Amino acid sequence: MLGCTPQKETPKNEWIQLFNGRDLNDWIVKVHHHEPGVNFGNTFRVEDGLIKVRYDQYGDFNDQFSHLFYKQPFSHFHLKFEYRFTGELQKGAPEYTLLNSGVMFHSQDPQSILKEQNWPISIEMQLLAGLDDGNPRPTGNMCSPGTDIVFEGKLYDGHCLNSTSKTYNRNEWVSGELIVLGDSLITHIINGDTVLQYSKPTMGGGVVQGYDSLLWQPGKALTSGYIALQSEGQPIDFRNVQLLNLKKK
């Protein structure tokens, strides 16, 4: 019709910049021992266009495991990010957290995490760096706080599952990707190589303590949830955090 302006279609394959490079206004912090929204010790900060995880305002680490959640949940998505480990492990942090961090997904709402809950019920893409001891230490692994997965057709009974990735060093930028198809196939990619695949995530298992019992539904399929960057006592930087929503409208 005369005078009508055609509607613009939303471009397909449009990547969303989850981190704008300037601030954390689109993110929610949850630190163990603190209420949601309290960024204790300025743990997560933006400097030089990076999300930096730091502990210079801490004393003892005091099990203050922390997570920085993006503001909205997703179900089917392709996530890309880059990370590098730096600095020294904070005093009092567990030895296993040396050069160790992660990206959580299919997580519970950060506002539902209780003050004394140690970890979000979620799936973790675990990030590790080599320990300079000559031994392999793959990254892009799977860990399962409060969750279960199916690997190679069987329910996996361990907490963490190693990927086939190479070992990368401290201060080295590494590219990570997650392709998540609801409660179907999940793929971990490191520096362009597929390093792990598994499926059928459900609520279950152990590790998580102090959660709201009303949320606990063992066997419930995890079809969607929140994405979070992790803090475990080791300084780490993140950049270029972006997501392609694969959910069919």
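The values are calculated or read from the model by the stated rules, or taken from the named source; none is laboratory data. What you see is a predicted model, and the numbers here were worked out from it, not measured in a lab. Cβ placement follows ideal geometry from the backbone for every residue including glycine, while neighbour counts extend to all protein chains displayed.
Points to keep in mind about this one:
- Screening residue 172 with (1) within 21 Å of residue 53 (Cβ to Cβ); (2) in contact with a Leu (Cβ under 8 Å, 6 or more places away or on another chain) gives one miss only, at (2).
- Any hit, the stretch 229-245, residues being touching a Lys or Arg at 6+ places or on another chain (Cβ under 6 Å) and of a type in the set (Asp, Glu): yes
- Checked against the criteria, residue 172 does not count as surrounded by fewer than 20 Cβ atoms within 10 Å (Cβ to Cβ) and farther than 17 Å from residue 238 by Cα.
- Per the listing 97, 139, the residue uniquely over 24 Å from residue 211 (Cα atoms) and of a type in the set (S, T, N, Q) is 139.
- Among residues of the stretch 204-228, those that are modelled with pLDDT of 95 or more, crowded, with 20+ Cβ neighbours inside 10 Å and hydrophobic (A, V, I, L, M, F, W, C), counted: 3
- Residue list for the stretch 100-142, restricted to those being without any contact (Cβ under 8 Å) to a residue 60 or more places away in the chain, part of a strand (DSSP E or B) and over 17 Å from residue 181 (Cα atoms): 126, 128, 141
- Checked against the criterion of being of a type outside the set (Val, Ile, Thr), under 15 Å from residue 82 (Cα atoms) and surrounded by fewer than 20 Cβ atoms within 10 Å (Cβ to Cβ), the stretch 148-159 has no qualifying residue.
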